[in-house]
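Q: Got a structure here, written out as structure tokens. Questions coming.
The values are calculated or read from the model by the stated rules, or taken from the named source; none is laboratory data. Only a predicted model underlies this, so the values are computations on that prediction, with no experimental measurement involved. Here Cβ is always computed from backbone atoms with ideal geometry, including for glycine, and neighbour counts include all displayed protein chains. All accessible areas refer to the heavy atoms of the entire protein, side chains included, with ligands and DNA or RNA removed. Shrake-Rupley method; radii C 1.70, N 1.55, O 1.52, S 1.80 Å.
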Amino acid sequence: MYKYDEVDHRLVRERVEQFRDQTRRYLAGELSEDEFRPLRLMNGLYVQRHAPMLRVAIPYGHLSSTQLRKLSHIARTYDRGYGHLTTRQNIQFNWPALERVPDILAELAEVEMHAIQTSGNCVRNTTTDAFAGVAADEYLDGRAYCEIIRQWSTLHPEFAYLPRKFKIAVSGSADDRAATQVHDIGLHVVKNDAGEVGFKVIVGGGLGRTPLVGKTIREFLPTRHLLTYLDAVLRVYNRFGRRDNKYKARIKILVQAMTPEAFAAKVEDEWAHLKDGPATLRDEDVAHYASFFTDPAYEQLAANPEAFTVPLVSDAAFAKWVARNTRSHKQTGYRSVVLSLKKTGVPPGDITAEQMDAAADWADRFGFGELRVAHEQNLILPDVKESDLYEVWQLARQHGFATPNVGLLTDIICCPGGDFCSLANARSIPVAEAIQLKFDNLDYLFDLGDIDCNFSGCMNACGHHHIGNIGILGVDKNGEEWYQITLGGSQGNHTAIGKVIGPSFAQADVPLAFEKIMNLYVEQRLAGERFIETVRRIGLEPFKERVYAKSH
Amino acid sequence: MQNLIKNDAVTEDAWRLIRSEDESYDAAEDVILPLAAWLAVDPAARSGQAAPWLAPDADLSLLRPVLAQLPLIAIDFPAFTDGRGYSLARLLRERYGYQGELRAIGDVQRDQLAYLARVGFTVFAIRDDRPAEAALDGLRDFSDQYQATVLQPEPLFKRRTQR
């Protein structure tokens with residue numbers, strides 16, 4: 001994991017003091033509401049429905065046990081004893097007092113954390129595959145580059161006041177688990193014919209009001225040119241992106257208006273002046289950052305020890321959990337464990353202070369003191385010995401962390417919705433719960449198999465509903481909450497935007513619509529065919545007919 | 001009244017900012033003019049100096065041939081959330097080698113100064129209703145930076161590995 005040096009520490013402390021002074025001036029009336037808003041947003045502070053909301057950065061989803069304990073302390077001391085993991089691998093606190101936020105930030109700085117650029121019209125937290133470094137299918141461990149991008153984007157003097165927010169994702173494996181095609185910039189590691197590793201640069205993807213799959217503007221960017229090329233893209237966007245209309249200000253609109261080819265040419269023109277400049281990465285620079293992401297001291301173990309295989313056979317519930325909530329590891333004898341935060345009745349992604357402390361202890365006891373946050377809003381123990389899995393499962397069960405539903409229909413990606421967010425048109429949490437209740441039969445849920453279900457409470461699409469195999473969007477109809485269902489969306493290498501199946505549903509009717517959709521899938525699927533594959537094969541029409549058929 | 005920060009101090013100078021092309025001024029005054037008006041100035045007809053101010057969407061190619069002779073360029077920030085001027089400043093400094101004074105005008109306040117200085121601005125015309133003395137502190141918000149920009153052309157990652 002990256003360790004701050006003296007300069008990193010100093011800059012974060014200086015940002016805390018700058019924000020402390022900004023807050024003081026706001027409270028003293030020296031800064032107006034309008035002037036304070038962009039300043040506080042650039043530090044992750046929203047003013048929400050009930051109270052301010054503070055979003056703390058978890059760079060590319062990496063957390064140490066010490067950091068997680070600090071987050072639990074903050075949840076207890078400054079909030080109501082819990083936090084909410086977000087799709088950008090960050091954590092949000094929903095109830096801090098504005099005056100105490102600078103103190104929270106000072107506490108975070110002690111453990112090398114901050115809230116810098118977790119909101120606002122600037123470069124946000126860079127995200128990546130939650131299994132980076134431990135995944136078996138990786139070309140390149142992208143974490144060194146994620147940290148290089150984090151530092152480049154942090155307090156960037158030229159790009160602090162962009163037309164709109166800006167999100168970058170990095171995927172280091174063949175199988176894209178970082179949703180690179182729906183980011184402002186997606187960097188997908190590729191190998192060229194000479195065997196060199198570089199980035200495919202995808203620009204202008206995004207969800208929100210105008211969901212678009214990104215366009216590749218460069219098939220192969222040698223890794224040493226990463227920062228100069230990013231500077232070129234950001235400069236073109238900063239200068240020419242629309243600033244007259246917030247809904248047309250994302251880079252995707254600029255790319256669309258210019259055409260991807262013309263945009264790419266403009267970036268190349270700009271880059272011609274920056275290429276090979278001072279920000280070009282040398283081998284020793286990359287080696288410096290990569291040195292923080294070396295393998296921990298794995299033991300040389302045989303696969304499938306008895307302590308693992310015996311309960312696997314004797315305990316069906318354990319076997320279900322292993323099948324869904326653990327993942328193969330590059331190191332023989334280890335697996336990664338996904339601690340599910342999708343227990344029915346709990347808002348998806350919510351985690352209590354007690355759960356944070358427990359997970360931090362397990363990271364120390366069973367792993368190497370590290371954890372990950374997945375963009376699916378679950379917590380991950382990346383390195384657990386197979387021989388420890390049975391014990392970890394029992395502990396996780398005691399703490400409400402072991403719902404064996406990872407990747408299944410009830411592992412819903414969900415925004416906080418109208419219960420918390422002032423932008424939302426509709427509540428998401430109770431509807432997600434109703435769906436989870438409808439599909440609480442585990443055998444049935446397992447039989448349905450892999451289904452991404454994504455839920456957003458408004459068209460800002462924080463719950464990424466467009467790329468859910470089945471997506472839900474909360475809409476407002478004359479002051480009432482209604483829900484639109486989309487089908488056919490997906491992330492990864494075959495990213496697609498889902499299509500609306502028809503008129504929206506009242507809250508009470510959403511679970512029934514889901515049931516009809518799933519019934520049709522079960523009837524129509526071919527052997528081994530996943531839900532999304534059936535949707536692609538038979539199209540939306542049969543689903544529409546089933547869902548909207550008059551009952552008789 | 002001027003509310004100017006220059007050389008790390010609150011100061012005054014002789015330049016007068018002319019916002020609109022209709023505004024009148026004397027031939028002896030040092031004036032900062034809208035780009036179009038400045039391009040039309042006949043230097044022989046006046047004894048004072050003239051410099052242009054640029055809107056955030058200005059076309060820099062118009063200035064390139066005369067950059068070496070220019071004593072001052074101002075860049076306007078219609079709103080402090082409009083970040084285009086930061087890119088213009090870096091282009092003028094890093095790409096076109098402009099050496100003269102670069103002045104930030106418009107909605108310029110304390111919290112922008114650290115970044116403005118790092119992209120090459122040397123003079124800050126603080127918004128009239130804000131105390132320039134207090135804004136001076138904004139220049140000291142950060143003691144270092146990660147990126148390579150005008151004030152620090154070597155990125156931190158290089159300075160780290162050179163140690």
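Q: Hey, with R₀ at 35 Å, roughly what FRET efficiency would B:Q49 and B:D128 work out to, going by the Cβ-Cβ distance, to 0.05? Before the final figure, lay out each step's value.
A: Numbers: r = 23 Å, r/R0 = 0.66.
E between B:Q49 and B:D128, to the nearest 0.05, is 0.90.
Q: For a quick check: with amide H placed at 1.01 Å from N, whose amide H comes under 5 Å from B:F77's, ignoring anything fewer than 5 positions away on the same chain?
A: Correct list: B:I105, B:G106, B:D107.
Q: Can you give the relative contact order of region A:332-403 as a percent, counting alpha carbon pairs under 8 Å and 6+ residues apart?
A: Averaging sequence separation for qualifying contacts and normalising by length gives 44 percent for region A:332-403.
Q: Something else: With θ set to phi - 60°, apply the Karplus curve 6.51 cos²θ - 1.76 cosθ + 1.60 along region A:76-89 and write out the HN-Hα couplings as whole Hz, x wherever there is a Gly or Pro.
A: Result, ordered by residue: 6, 7, 10, 9, 9, x, 7, x, 9, 7, 9, 6, 9, 6 Hz.
Q: How big is the B/A interface in buried accessible area, both sides summed, 1.4 Å probe, to the nearest 100 Å²?
A: 3900 Å²
Q: Something else about it: What percent antiparallel are the DSSP beta bridges of chain A, to the nearest 5?
A: 80 percent
Q: For region A:501-516, take each phi angle, set θ = phi - 60°, evaluate the Karplus expression 6.51 cos²θ - 1.76 cosθ + 1.60, and give the result in whole Hz per residue in order, putting x for glycine and proline.
A: Using θ = phi - 60°, the values come out as 8, x, x, 6, 10, 5, 3, 5, 8, 5, x, 5, 4, 4, 4, 4 Hz.
Q: Sticking with this one: Quote the FRET efficiency, to the nearest 0.05, computed for A:E354 versus A:A319 with a Förster distance R0 of 22 Å and r equal to the Cβ-Cβ distance. Walk me through the numbers on the way to the answer.
A: Values: r = 27 Å, r/R0 = 1.24.
It comes out at approximately 0.20.
Q: Let me understand the protein assembly as shown better: what is its radius of gyration from the alpha carbons, and its Dmax, in angstrom?
A: That works out to 27.2, 98 Å for Rg and Dmax.
Q: For the pair B:Y96 and A:D276, what calculated FRET efficiency results from E = 1/(1 + (r/R0)^6), where r is the Cβ-Cβ distance and R0 = 22 Å, to the nearest 0.05?
A: For R0 = 22 Å, the calculated efficiency reads 0.75.
Q: Dipole of the protein assembly as shown (Lys/Arg Cβ +1, Asp/Glu Cβ -1, origin at the Cα centre): which of A:G81, A:P52, A:V255 lies farthest to the positive side?
A: Value computed over the given set: A:V255.
Q: Check which residues have an amide H placed less than 5 Å from A:Y82's amide H, if you skip close sequence neighbours.
A: A:A353
Q: OK, next. Report which residues of region B:67-99 become buried by 20 Å² or more of accessible surface when going from the isolated chain to the complete set of protein chains (1.4 Å probe; DNA, RNA and ligands ignored).
A: B:F80, B:T81, B:G83, B:R84, B:Y86, B:S87, B:R90, B:L91, B:R95
Q: Quick one: Cα centre-to-centre distance for region B:123-163 and region A:1-60, in angstrom?
A: Taking the Cα centre of region A:1-60 as reference, the centre of region B:123-163 is 18 Å away.
Q: Take every Cα-Cα pair in region B:33-90 and report what % of them are more than 16 Å apart.
A: Percentage above 16 Å: 44.
Q: Rounding to the nearest 20 debye, state how big the charge dipole of chain A is about its Cα centre with +1 on each Lys and Arg Cβ and -1 on each Asp and Glu Cβ.
A: Dipole of chain A, to the nearest 20 debye: 1660 debye.
Q: Which whole-number value in Å² is the accessible area per residue of the protein assembly as shown, probe 1.4 Å?
A: It amounts to 38 Å² per residue over the protein assembly as shown.
Q: Something else about it: Tell me the label-point distance for the pair A:D419, B:R159, using the 7 Å Cα-to-Cβ offset, in nm and rounded to one decimal.
A: 4.7 nm
Q: Ok, one more. Near the amide H of A:T326, under 5 Å away, which other amide H atoms are found, from residues 5 or more places off or on another chain, if H is placed in the peptide plane?
A: For A:T326, the qualifying residues are A:V338.
Q: Next up: Show that you can apply the helix-only estimate: for chain A, add -39,500 (n - 2.57) for every DSSP H stretch of four or more residues, divide by all residues, and state [θ] at 222 nm to the nearest 500.
A: Mean residue ellipticity at 222 nm (helix-derived): -11000 deg cm²/dmol.
Q: Additional query: How large a share of the accessible area of the protein assembly as shown, in percent, is made up of carbon and sulfur atoms when the probe is 1.4 Å and the other protein chains stay in place?
A: Roughly 50 percent of what the probe reaches on the protein assembly as shown is carbon or sulfur.
Q: What's the center-to-center distance, using Cα atoms, between region A:89-135 and region B:1-18 in Å?
A: Cα centroid to Cα centroid, the span is 39 Å.
Q: Sticking with this structure for a sec: Taking one equal scatterer on every alpha-carbon of region A:341-489, how large is log10 of I(q)/I(0) by Debye at q = 0.11 1/Å?
A: -0.46
Q: On to the next question. Which links in A:K200/A:K343; A:K191/B:K158; A:K342/A:K499; A:K438/A:K477 stretch past 31 Å when you go from one Cα to the other? Could you put the intermediate results ahead of the total?
A: On the way: A:K200/A:K343 37 Å; A:K191/B:K158 26 Å; A:K342/A:K499 25 Å; A:K438/A:K477 25 Å.
Those over the limit are A:K200/A:K343.
Q: I want to make sure I understand the PRE zone here: with the label point 7 angstrom from the Cα of A:A307 toward its beta carbon, which residues in region A:354-382 have backbone N atoms less than 12 Å away?
A: Inside the label zone: A:366-367.
Q: Could I have the simple spin-label model distance between B:S20 and A:T77, label points 7 Å from Cα toward Cβ, reported in nm to one decimal?
A: 5.6 nm
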